[in-house]
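Down below is the structure, laid out as structure tokens.
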Amino acid sequence: MKKQNTINHLKNRKITILLLFAISGVYAGRVTGFITDSHSGEALIGANVYIKTTSMGTATDINGYYVINDMPNGDQVLVVSYLGYEISEQSISINGNTGFTNVSLEKKAIELDAVIVSGEQISRQIAVEPSRVSLSPRELKSLPSIVEPDLFRTIQAMPGVLTPSEFSTGLIIRGGNTDQNLILVDGITVYNPSHLGGVFSNFIIDAVKEADLIKGGFNAEYGGRLSAVLNILSREGNRKHFDAKASISLLAAQTTLEGPSYNGAWLISARRTYFDKVLKGTPYYIPYYFYDMQGHVFTDLTPKDRVSFSFSTGLDDLIFDDLGLEANWGNKTYSLAYRRVFSDRLIGNILAASSEFSTKFGLGGSSGVNSTNVIGDATSSADFTFFQGSDITIKFGGQFKALRFDYLSEFNDSILFRIEENPVEAASYIKFKWIPTPRIIIEPGFRLNYYSGHNTKYYPDFRLGLKYILTTDRFINAAIGNYHQFIETVQDDYNPTILDSWFAVDNSVDPASAVQYIIGYEEYIGNRWRFQVEGYYKTLENMLTFEDVRATTDAEVSDDKLSDTFIPSDGYAYGFETFIQKKSGKLTGWIAYTWSVSRKQFKETEYFTNWDRRHAFNIIGSWRFKSKWELNGRWSWQSGQAYTPILGYYVENLPLDPTPRYRTIPGIRNSGRYPDYHRLDMSLIRHFKIGSTKFDLSFQVINAYNRNNIFRYVYSVGNTMNGLDDDGDWIEDEHDTNGNGHPDVGETNVDEEDESILRREDISIFPLIPSIGISFEL
């Protein structure tokens, strides 16, 4: 109560000072600068910068840049605070001009003292952040890590975020499919950034500076997607000295190297799995591996001009020679960026980038089934921020994308289906942040989209964000907006996809669109606790859905236009989320709960989407019970996903084909539910040093109590005359009369009458998997 009275007193004091200086005409100073890490020289995003004994302050942007406008003349104390760093206080003098003050912060143990809390209170009161979560590598590494820290696996423990299956690290956010999320790395669009198996995403944590997730209601600076934004910024590298980190486990190895370059720094990080090497010759052999590589280099031409280059590449490779199966997929991105401080109030970021995602799938060799899908994305963009005053900030910019799509499907050396498109997508936007009163923040935005691949070329998007400040620690957030998407993956309600294929909208279908409504309440309790509750509702239109209506004897698929093969569908989603987080202390983590509904409307029929789950509950925690020991854990429980049950089958006999074909008869779309999903992952970490080198020895267990979570049901029909045990009830000890170790004609439970009955088999992915790993840092 005393603390609240003090803060209110400071507010009243500020208003009085504002009035006095407005009358006297001496309230016109400004201070700007960059906040960096003293150890590496990297910019710190979201650092709290404010004037001591006042509530005047701000937070640094993605460049580590800050501006505090309308400061009173005279001597002041500039305070800079950031979680995990020492507090900095510097004396500055304002004389009606602009002061340029750069500050470097020293690292320390993660704690929350009164000064940091005070700085965060000021920053929270000037930002409109509905549905927003920001994660730094320091925070990711202090959370539970299974095998190694992973960005997507951490995000999946947030309220409102689901995964398509245990086999995937894709993100289902508030009822939107995985393709409806805009994923950016240093401003470059990345497509399908996940690996097979659901343990790793494409991003190496040691190469990531910050990941900013906006689950909905994002403003006009983002577009081209319907649901959410994940904006990932690469680390810049250590400009002070050479540094190296490495880790190795039973599943993968990785390393990160960084050091200074001419007026800047460089960083490169790489990782490879070795399932294909370690398990070769064992019953558990998997002919699969993947690798990732990320890099960044920059140079400061002047204190106000920076040029940087980023790249990332990765590949998944899966080859089953015995089955004639070959599949690979991956991303390649490159970007050249220029940052310029044009004046103390205007900063800009200009980007030229290239992104490519490709998939290749083959079954049966060159004469079998083969498909390839290539997406090319050449992007140029410019984004500017103008700090008009303490109550008005303006963001504006534009983007141009030259896209290339090539999808090819072949069978027996014949082309079944091919789509080649080269559309252009462009946009310009403007967004205002206006603080009309100390309790209200308004953020209106407008984005005008252009798309060349459709007769209608222009699509306006209107966005609005609101924040009402109840007290310094309690807020109400709201957002509303409409959104358009011009490239999509195809949804298949009957068969979950492993590899997504992307298509550009043509004249035969309208671009996908959505409208989002969000309202939430947020409260910070004391120095350590955060509580958040949000509700959302969104409508979705023109999502591409596949329906196979061909006869078995049909060969080619029409590729004249998208509507020949895919049918637009609509839908809606709504839900309620709660989030309780403990931010510091020996025990940290969060509890998250989501209640949600995701429905789809297809051909006048309404049903649940494949990824609909009514309830999702996550507990995630990290307990540092001794100075050198750390115990991490995550327990997830989710109600079952929807699926389409199979009611029966029929036998299809084709002319000149003596082999009967069994065809399943599906029930009502997604009218069934898989069993509830739950899983416990745990890790124990021992921290130690040898000389000046830091080591972490980790022990991990995936699926600690060996829960058989259903990935999907597979249906099959046996044969009563093939001499096999098709229903799996032949037991060697009881039925192997000739002692040869396998079923034979005439033995019990071989070629039974019930083997011709449709059977359902449960497919699970992860058994209990232990692992051990070690990492070090010079």
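Phi angles across region 477-483 convert, under the Karplus curve 6.51 cos²θ - 1.76 cosθ + 1.60 with θ = phi - 60°, into 3J(HN,Hα) values of 10, 8, 7, 8, x, 10, 9 Hz, Gly and Pro given as x.
For the chain, the per residue solvent-accessible surface stands at 43 Å², with DNA, RNA and ligands left out and a 1.4 Å probe. In terms of its C-alpha gyration tensor, region 159-284 comes out oblate, because a/c is 1.5 or above while a/b does not outweigh b/c. Counting charges near residue 394 (Lys, Arg +1; Asp, Glu -1) among other residues having Cβ under 12 Å from its Cβ returns a value of 0. Which percent of the accessible area of the chain is formed by carbon and sulfur heavy atoms (probe 1.4 angstrom)? Looking at the chain in its full context, I get 58 percent from C and S.
Computed over every Cα-Cα pair of region 591-631 and binned at 10 Å starting from 0, the pair-distance distribution P(r) comes out as 23, 26, 20, 15, 10, 5, 0 percent. The relative contact order of region 291-337, computed from alpha carbon pairs under 8 Å that lie at least 6 residues apart in sequence, is 35 percent.
Relative contact order of region 343-429, taken over Cα pairs closer than 8 Å and 6 or more residues apart, is 27 percent. Between rounded, prolate and oblate, where does the chain land on the alpha carbon gyration tensor, with a ≥ b ≥ c its root eigenvalues, rounded for a/c under 1.5, else prolate if a/b exceeds b/c? It comes out prolate by the Cα gyration axes.
Which of the trypsin sites (Lys or Arg not before Pro) across region 398-499 are loop residues per DSSP, with 12 or fewer other Cβ within 10 Å? Those satisfying the criteria are 457. Packing, as the average of other Cβ atoms within 10 Å across residues, places the peptides 500-507, 291-298 in the order 291-298, 500-507, highest first. Charge tally around residue 483: other residues with Cβ under 12 Å, Lys/Arg +1 each, Asp/Glu -1 each, net +2. The helix-only estimate of mean residue ellipticity at 222 nm for the chain, built from DSSP H runs of length n ≥ 4 each weighted as -39500 (n - 2.57), is -2000 deg cm²/dmol after division by the residue total.
Just add up the charged neighbours of residue 403: K/R +1, D/E -1, any other residue whose Cβ is under 9 Å from the Cβ of residue 403. For residues surrounding residue 403, the net value is -1. Across the chain, the mean sequence separation of Cα contacts (distance under 8 Å, 6 or more residues apart), normalised by length, yields a relative contact order of 9 percent. Its Cα gyration tensor gives region 341-417 an equivalent ellipsoid; the semi-axes, largest first and in whole Å, are 48, 9, 9.
What shape does region 448-513 take by its C-alpha gyration tensor, where a ≥ b ≥ c are the square roots of the eigenvalues and a/c under 1.5 counts as rounded, a/b above b/c as prolate, and the rest as oblate? Oblate, because a/c is 1.5 or more while a/b does not exceed b/c.
Packing around the peptides 149-159, 90-100, taken as the average count of other Cβ atoms within 10 Å per residue, puts them in this order, highest first: 149-159, 90-100.
The values are calculated or read from the model by the stated rules, or taken from the named source; none is laboratory data. What you see is a predicted model, and the numbers here were worked out from it, not measured in a lab. Heads up, the Cβs are rebuilt from the backbone with ideal geometry, glycines too, and the neighbour counts pull from every protein chain shown. Accessible surface areas use protein heavy atoms only, side chains included; no ligands, DNA or RNA. Shrake-Rupley method; radii C 1.70, N 1.55, O 1.52, S 1.80 Å.
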